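**Student:** Next up is a structure, given as structure tokens.
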């Protein structure tokens, strides 16, 4: 009976945490807010995780999506009964977003030194827009998805690239980044 349970656990990909491989990592890249009038700042994330087995890992991540410059114009017309006036207002400020998240990571080993992966999870984010008139902040919890690749350099270092798409309520933000991982 014990042999059947162990075989079943192995088939399902379950393993002891003692066999898990912990790692830490950092990525640094360009952020795209997908909005007109918003700059593309540099962002980073710091993460820690452990490989449950060769094909699956769990990660916790802190992400800073940079500080973007925002600027746009609003034009409208005003009619006072006699004349029509065109009004143009210009707005500018800064947008900063950071988040803390948790993800599952599905790994496809291509070779001994190359892995492809997809990851997905949820993140709690906080956004702040500040300008001459003050500041406004908003927060929420939304999903994020990403994919990437890692080249292993020896047994303890991995170099790679990743792309992550974050939902921020009704907006989407993406980050393309280079990353480094250290395995223990």
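**Student:** In the stretch 92-119, how many are loosely packed, with under 14 Cβ neighbours inside 10 Å, at pLDDT below 95 and assigned to a strand (DSSP E or B)?
**Tutor:** Count: 2.
**Student:** Restricting attention to the stretch 134-169, which residues are over 19 Å from residue 181 (Cβ atoms) and over 18 Å from the mean Cα position of the chain (by Cα)?
**Tutor:** Once the filter is applied, which keeps residues that are over 19 Å from residue 181 (Cβ atoms) and over 18 Å from the mean Cα position of the chain (by Cα), the stretch 134-169 yields 134, 135, 136, 137.
**Student:** Got at least one residue in the stretch 158-170 being assigned to a strand (DSSP E or B), in contact (Cβ under 8 Å) with a residue 24 or more places away in the chain, in contact with a strand residue (DSSP E or B) (Cβ under 8 Å, 6 or more places away or on another chain) and surrounded by fewer than 17 Cβ atoms within 10 Å (Cβ to Cβ)?
**Tutor:** Within the stretch 158-170 (the criterion being assigned to a strand (DSSP E or B), in contact (Cβ under 8 Å) with a residue 24 or more places away in the chain, in contact with a strand residue (DSSP E or B) (Cβ under 8 Å, 6 or more places away or on another chain) and surrounded by fewer than 17 Cβ atoms within 10 Å (Cβ to Cβ)), the answer is no, since none of the residues qualifies.
The values are calculated or read from the model by the stated rules, or taken from the named source; none is laboratory data. Note that the coordinates shown come from a computational prediction; the quantities given were computed from them, not determined experimentally. For neighbour counting, all protein chains shown are included, and Cβ atoms are generated from backbone atoms with ideal geometry for every residue, glycine included.
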